[in-house]
Amino acid sequence: MIKNVVLIGFMGVGKSSTGRMLANMLGFKFIDMDKAIEKKYQMTIPEMFEKHGEAYFREREKEMCREAAARKSVVIATGGGTIKDPENVAILKRTGRIICLSASVDSIVERTSGKGTRPLLDAMEDRRQGIIELLAQRQPMYDQADYTLDTTDLSPMQVARDIISYMKHR
């Protein structure tokens, strides 16, 4: 039986687009954690950071990890920093397989170029260098995944098919 599927990875690697496609293909529900938090608290994540700070947002994120992991047959797309908290990783691993999506730095720079939606990147003077540094910091956390897949040259459909193939053979 396929468990929940938890997508982790840096901003812009395709967690949301792949997650929707994958959930559709599996007949699962899709939970985009960032969108679910925004809906529940009726404010955007950039607004949450601005009004209440990162610590407040991270608490809401942990609550959402618990809620999402408690469900069955879901594909969960985590926020870029969700796995910075080991407790979140433990919560998500209990009921799901953790799949890390990755992409080249150039691809991430291109995919995250829109301003105003990524508080962490928008604050950076040198976005490319900032992405390189954050990726290096987070790599040990991404290494906790059950499976890792580079999405640089793949469509969400191709990524979803690859994940399904992996899940069937586990």
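What is the distance in Å between the Cα centroid of segment 128-170 and that of segment 1-35?
With segment 128-170 and segment 1-35 each reduced to a Cα centre, they are spaced 12 Å.
Can you compute the FRET efficiency between R20 and K72 using 1/(1 + (r/R0)^6), with r the Cβ-Cβ distance and R0 = 25 Å? Round to the nearest 0.05.
Computed FRET efficiency for R20 and K72: 0.85.
Work out how much length E54 to D153 would gain on full extension: take 0.36 nm times their residue separation and subtract the Cα-Cα distance, in nm to one decimal.
32.4 nm
Quickly rank 14-21, 100-107 as a protection proxy: mean count of other C-beta atoms within 10 Å, highest first.
14-21, 100-107
Taking θ as phi - 60°, what are the ³J(HN,Hα) couplings along segment 14-27 by the Karplus curve (6.51, -1.76, 1.60), each to the nearest whole Hz, with x for Gly and Pro?
These are the phi-based 3J(HN,Hα) values: x, 4, 6, 5, 5, x, 4, 4, 4, 4, 4, 5, 8, x Hz.
So what's Rg/Rh here for the chain, counting alpha carbon atoms and using the Kirkwood radius for Rh? Walk me through the intermediate numbers first.
Numbers: Rg = 15.2 Å, Rh = 16.1 Å.
Ratio value, two decimals: 0.94.
Answer with one residue from M43, S17, L135: the one whose Cα lies farthest towards the positive end of the charge dipole of segment 1-149, charges on Cβ with Lys, Arg +1 and Asp, Glu -1.
Sorting the options by dipole projection puts first S17.
HN-Hα J couplings of segment 44-51 from phi, Karplus 6.51/-1.76/1.60, θ = phi - 60°, integer Hz, Gly and Pro as x?
Per residue, the Karplus-derived 3J(HN,Hα) values read 6, 5, x, 5, 4, 4, 5, 7 Hz.
Just so you know, all these numbers are worked out from the coordinates, no wet-lab data involved. Owing to the predicted nature of the structure, the values given are computational and were not obtained by experimental measurement. Don't worry about glycine lacking a Cβ; one is built from the backbone with ideal geometry, like all the others, and counts go over all protein chains shown.
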